[in-house]
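In what follows, a single structure is set out as structure tokens and then discussed.
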Amino acid sequence: MKARVFVTLKPGVLDPQGKAIGHALEGLGFAGVGDVRAGKLIELELADGTSDEAIDQMCRQLLANTVIENYRVEKL
Amino acid sequence: MDSAVIVFPGSNCDRDLAVALETVTGKAPRMVWHRDTDLSGVDFIAVPGGFSYGDYLRSGAMAARSPVMQAVVEAAGRGVPVLGICNGFQILTEAGLLPGALMRNASLHFLCKPVKLSVENSQTLFTSGYQAGETITIPIAHHDGNYQADPETLDRLEGGGRVAFRYATGCNGSARDIAGIVNDAGNVLGMMPHPERALEPAHGNTDGRRLFEAALGALATA
């Protein structure tokens, strides 16, 4: 089985990379782009039957820094 | 007095730090590889700067979960002084020894230059060689030195005198210009600037030397 973990900065945490991307889009002439937030996608290949609890622990212990980041898991 | 420098794959300030410790104490520190877990008999632990694990995932994230860090956390809990510099600061926050997180510099630029710091608290183990309010110059060299924490944590740090150093003028976007903080017990210091690079006249500046002299001198007389 596979799982996708999306790691994003918590709302309110300043995202300099997102800001730079937003400016670049503006420079390309795209109007109407508001706040841009950059994040990470981590794809995990997992043994069948890996529990949701185990995936959650992976996120909490390593994949996301819960001081500044949120995470969301999508199982494929 | 036995000191130790923790060495992770990708650390590149470990030898500078070892030279600093040996210069001040007269005794070479133990270089402890990240897979080792024995820190018994160590009186002072230094976590060096560099790019542990290539900064993959997040700066300091992998290093904070390496076997040696369990021993560092235990030693810190026993009151052993722990100094984390630059990537070492990132590792200490990732390991939960210090609050907050270090994010990408607000400018997105890697910053490498001497900066002026204000010594905010001269009562800590590490800063007693300075005067409170004194301005010192220490080099920085980092991409992820933008210190962030929630407002309650920042208030707690300020109220408890736990902000050791502040940038005299903002440089990387850090909340409240914080450059270095200590833990509640006062035995763990994390800072982005590199005091080991301001140790000898040949470095052009010796303002970093008093940090090592104060912390290690306090241990020698303890």
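The values are calculated or read from the model by the stated rules, or taken from the named source; none is laboratory data. Because the structure is a prediction, the values reported are computed rather than measured. Here the Cβ positions follow ideal geometry from the backbone for every residue, glycine too, while neighbour counts run over all protein chains shown. All accessible areas refer to the heavy atoms of the entire protein, side chains included, with ligands and DNA or RNA removed. Shrake-Rupley method; radii C 1.70, N 1.55, O 1.52, S 1.80 Å.
Observations, loosely collected:
- Mean separation of Cα contacts under 8 Å (6+ apart) over length of chain B, as relative contact order %: 19 percent
- Segment B:16-78 shape via C-alpha gyration tensor axes, a/c threshold 1.5: oblate
- For the set B:Thr37, B:Thr153, the ranking by accessible area, highest first and with no ligand, DNA or RNA atoms included, is B:Thr37, B:Thr153 under a 1.4 Å probe.
- For chain A, with all protein chains in place and a probe radius of 1.4 Å, 54% of the accessible heavy-atom surface sits on carbon or sulfur.
- Neighbourhood net charge (10 Å Cβ-Cβ; Lys/Arg +1, Asp/Glu -1) for B:Ala141: +2
- Normalised per residue, the accessible area of the protein assembly as shown is 45 Å², obtained with a 1.4 Å probe and no contribution from ligands, DNA or RNA.
- Under a Gaussian network description of chain B, with springs only between Cα atoms under 10 Å, the residue in B:Phe44, B:Phe110, B:Phe89 that fluctuates furthest is B:Phe110.
- C-alpha center-to-center spacing [segment A:14-41, segment B:1-35] in angstrom: 42 Å
- Solvent-accessible area buried by pairing B with A, both sides, nearest 100 square angstrom, 1.4 angstrom probe: 1200 Å²
- Threshold 30 Å² - residues in segment A:1-44 whose accessible area is reduced by that much or more when the chain is no longer isolated, probe 1.4 Å: A:Leu14, A:Pro16, A:Gln17, A:Lys40
- Of A:Lys19/A:Lys40; A:Lys40/A:Lys75; A:Lys19/B:Lys116, those spanning more than 25 Å from alpha-carbon to alpha-carbon: A:Lys19/B:Lys116
- Only beta bridges with both residues in the protein assembly as shown are counted; by DSSP, about 70 percent of them are antiparallel.
- By accessible area, using a 1.4 Å probe on protein heavy atoms only, segment B:3-221 has 49% of its surface on carbon and sulfur.
- In units of the compact-protein estimate 2.2 N^0.38 Å, chain A shows a Cα radius of gyration of 1.36.
- Shape call, segment B:172-222: gyration tensor on alpha carbons, a/c limit 1.5: oblate
- Cα-projected label distance for B:Thr137 with B:Thr221, points at 7 Å along beta-carbon direction, nm: 2.9 nm
- Each label point was placed 7 Å from the Cα along the Cα-to-Cβ direction; for A:Glu74 and B:Val19 their separation is 5.0 nm.
- Exposed trypsin sites (Lys or Arg not before Pro) absent - longest run of chain B, DSSP non-H/G/I/E/B, at most 14 other C-beta within 10 Å: B:79-222
- Simple spin-label estimate for A:Thr66 and B:Asn12 in nanometres, 7 Å along Cα-Cβ: 3.4 nm
- Shape of chain B, Cα gyration tensor, a/c cut at 1.5: rounded
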